[in-house]
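A.B. asks: After the structure tokens below, expect a handful of questions from me.
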Amino acid sequence: MNMNVDVILGLQWGDEGKGKIVDAVAKDYDVIARFQGGPNAGHTIEFENKKFVLHTIPSGIFHENISNVIGNGVVLDPFVFMKEIEKIQSAGYDPHKNLIISDKTHLIFPGHRLLDAVCEMALGNKKIGSTLKGIGPAYTEKFQRKGFRTGDIFASDFESKFKFHRDEQVKRAKEIHPSISEILIDGLSYDEYESKWLEAVKDLQTFRVEATEIYLNRLLQNGKRILAEGAQGSLLDIDFGSYPYVTSSNTTSGGVCTGLGIPPTSIGKVFGIFKAYCTRVGNGPFPTELHDEMGEELRKNGHEFGSTTGRPRRCGWLDLPALRYAIMINGVSDLVMTKADVLDSLETIQVANTYISQNHEYMFPEFRFGENFEPKLSNHNGWKMDITNMTQKSELPSKFLEYFNFIEKELNSKISYVSVGPGRSQIIKTQ
Ligand code: GDP
Ligand code: IMO
Ligand code: MG
């Protein structure tokens with residue numbers, strides 16, 4: 001078996017710029033495949049003065065000759081999916097030509113969105129801060145072996161089975177929160193949403209739905225190259241993230257094999273994407289979070305507002321313990337630093353090298369409850385220069401390279417690319 005599957009995934013709490021990097025390197029691959037997550041993701045791509053935010057559809061969709069696969073590990077909401085398709089079509093692309101959906105991709109029902117909302121309401125100030133796209137409830141039913149899959153929509157009794165299951169979901173939601181009529185889903189009442197969702201299921205039937213694990217393995221045998229596109233980030237992984245403030249899938253490299261049906265021996269490079277600082281949207285621990293003007297400045301410079309929900313992202317310094325851990329779990333072979341330009345104007349940049357608690361120093365992240373882990377910060381001089389138009393490593397300012405070298409040394413890993421702006425070509429090869 002050739003090792004022709006490379007992986008791109010986030011090493012922090014999501015929004016590291018995965019979409020931009022996938023789009024930038026896509027031309028080197030025959031297939032881009034999503035292996036987990038669903039419409040909770042928001043992957044931004046900018047090229048030729050156009051900007052797109054993709055949720056369920058892989059970031060290779062704008063390359064006509066590249067096949068895009070939604071793998072079995074993904075959860076798909078037909079309504080959200082069709083909205084995304086319409087936007088892509090109105091920009092002049094035809095996703096019917098280069099998109100394939102696994103028949104085993106689980107469906108997000110309107111009832112999952114309802115359950116997500118009522119479960120979060122019930123948690124009060126302990127809520128996860130979910131994107132409310134129905135992710136947790138859809139994966140829960142998958143593992144309860146009650147879920148519906150994309151392949152099921154072609155059965156003649158799909159709608160009657162759907163309605164039976166829907167009644168049970170609505171009943172459960174009412175037990176948690178009796179007045180569900182108050183809850184709007186994407187601004188619509190449950191009934192309105194459901195009828196639009198059922199229309200979208202019909203549209204979904206016009207797409208190529210098949211056993212993508214067979215398709216992908218055939219391509220591998222023929223020497224084709226696949227890029228697996230991760231969603232969310234390693235610190236949101238259901239097992240290795242800051243549980244319970246996580247998402248409901250394996251966002252780490254282990255998820256690639258189960259989410260696509262390809263063997264571990266086919267995996268080549270693992271690109272770990274990280275921002276030159278840190279952000280988090282939603283609740284949960286964030287040891288290097290900045291609650292002062294510096295946090296505001298990072299948010300402003302980096303336009304740190306959620307691509308899916310528009311929520312302001314929490315901002316803080318780079319967290320090396322967290323990165324060390326994520327590199328280890330994922331087996332990262334190549335690091336990619338994004339949004340380096342966001343630090344262009346800063347006098348001093350700080351980085352957490354370790355955490356300190358009760359006179360003990362920790363090299364890996366600790367997200368234990370009730371214990372205060374203080375990041376131990378080091379200071380670095382800012383480069384105070386616009387790097388957004390630079391294209392070669394040799395052009396980068398010396399103070400930038402000091403920051404870059406420090407990170408490589410601390411992480412004992414090489415940074416292969418530095419991204420210096422949101423555009424497709426704003427990327428510097430550094431290895
Ligand atoms: P993803 O979820 O990992 O794909 O990331 P998002 O798209 O949610 O968030 C990343 C944001 O940063 C998007 O608005 C991108 O257009 C933007 N972006 C990506 N790379 C860079 C970069 O190197 N510099 C700047 N300034 N913005 C970037
Ligand atoms: P991309 O792929 C950032 C966060 C939510 C919440 C937690 C659980 O764009 O990097 P969920 O909706 O999965 O129940 O939410 O995970 N979250 C993300 N944060 N980027 C994402 O995706 C995210 N997807 C989920 O904010 O804290
Ligand atoms: Mg995002």
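Please treat every number below as a calculation from the coordinates, not as lab data. All figures in this text were calculated on a predicted structure; none of them were measured in a lab. Methodologically, a virtual Cβ is constructed for each residue, glycine included, from the backbone with ideal geometry; neighbour enumeration extends over all protein chains shown.
A.B. asks: Express the relative contact order of the chain as a whole percentage, based on alpha carbon pairs under 8 Å and six or more residues apart in sequence.
C.D. replies: 21 percent
A.B. asks: Using 0.36 nm times the number of residues separating Q205 and N412, minus their current alpha carbon distance, what extension gain do you get?
C.D. replies: 69.7 nm
A.B. asks: Along its three principal axes, how long is the chain when you only count alpha carbons? Whole Å, largest extent first please.
C.D. replies: Result, largest extent first: 65, 51, 39 Å.
A.B. asks: Can you give the Rg to Rh ratio for segment 175-322, taking only C-alpha atoms and Rh from Kirkwood?
C.D. replies: On the Cα set of segment 175-322, Rg over Rh gives 1.05.
A.B. asks: Can I ask one more? How far apart, in nm, are two points set 7 Å out from the Cα along the Cα-to-Cβ line at E293 and at S195?
C.D. replies: 5.4 nm
A.B. asks: Now for a different question. Taking the Cα of D386, stepping 7 Å toward and past its beta carbon, and measuring to each backbone N in segment 303-346: which are under 19 Å?
C.D. replies: 303, 339-346
A.B. asks: Starting with the highest mean, order 75-85, 344-354, 4-14 by the number of other Cβ atoms within 10 Å, averaged over the residues of each peptide.
C.D. replies: 4-14, 75-85, 344-354
A.B. asks: How many angstrom lie between the C-alpha centres of segment 369-431 and segment 268-344?
C.D. replies: Here the answer is 12 Å between Cα centres.
A.B. asks: Determine the alpha carbon to alpha carbon distance for each of K127/K300; K83/K196; K87/K269; K83/K142 and list only those over 22 Å.
C.D. replies: Cα-Cα > 22 Å for K127/K300; K87/K269; K83/K142; rest within.
A.B. asks: Rounded to the nearest 5, what % of DSSP beta bridges with both residues in the chain are antiparallel?
C.D. replies: Approximately 40 percent, going by the DSSP bridge assignments.
A.B. asks: What FRET efficiency do you get for K174 and R424 if R0 is 51 Å and r is their Cβ-Cβ distance, rounded to the nearest 0.05?
C.D. replies: Between K174 and R424 the formula returns 0.60.
A.B. asks: Okay, next question. Which distance in Å, rounded to a whole number, links the C-alpha centroids of segment 226-254 and segment 80-109?
C.D. replies: 23 Å
A.B. asks: Summing +1 for each Lys or Arg and -1 for each Asp or Glu, what net charge is found among the other residues whose Cβ lies under 15 Å from the Cβ of F143?
C.D. replies: Working: positive: K104, K142, R145, K146, R149; negative: E141, D239.
Net charge in that neighbourhood comes out at +3.
A.B. asks: Another question about this same structure. Could you name the aspartates and glutamates whose alpha carbon sits less than 13 Å from that of K393, not counting residues in the same chain fewer than 8 places away?
C.D. replies: Leaving aside aspartates and glutamates fewer than 8 places away in the same chain, those within reach of K393 are E402.
A.B. asks: Each residue of segment 122-138 in order: what ³J(HN,Hα) in whole Hz does its phi give by Karplus 6.51 cos²θ - 1.76 cosθ + 1.60, θ = phi - 60°, with x for Gly and Pro?
C.D. replies: Values, residue by residue: 5, 6, x, 6, 9, 4, 6, x, 4, 6, 6, 8, x, 4, x, x, 5 Hz.
A.B. asks: Could you work out how much longer the chain between Q144 and Y362 gets when fully extended? Use 0.36 nm per residue separation minus the Cα distance between them, nm to one decimal.
C.D. replies: 74.7 nm
A.B. asks: What distance in nm separates the two pseudo spin-label positions at K97 and F47, each 7 Å out from Cα along the beta-carbon direction?
C.D. replies: Computed distance between label sites K97 and F47 equals 1.4 nm.
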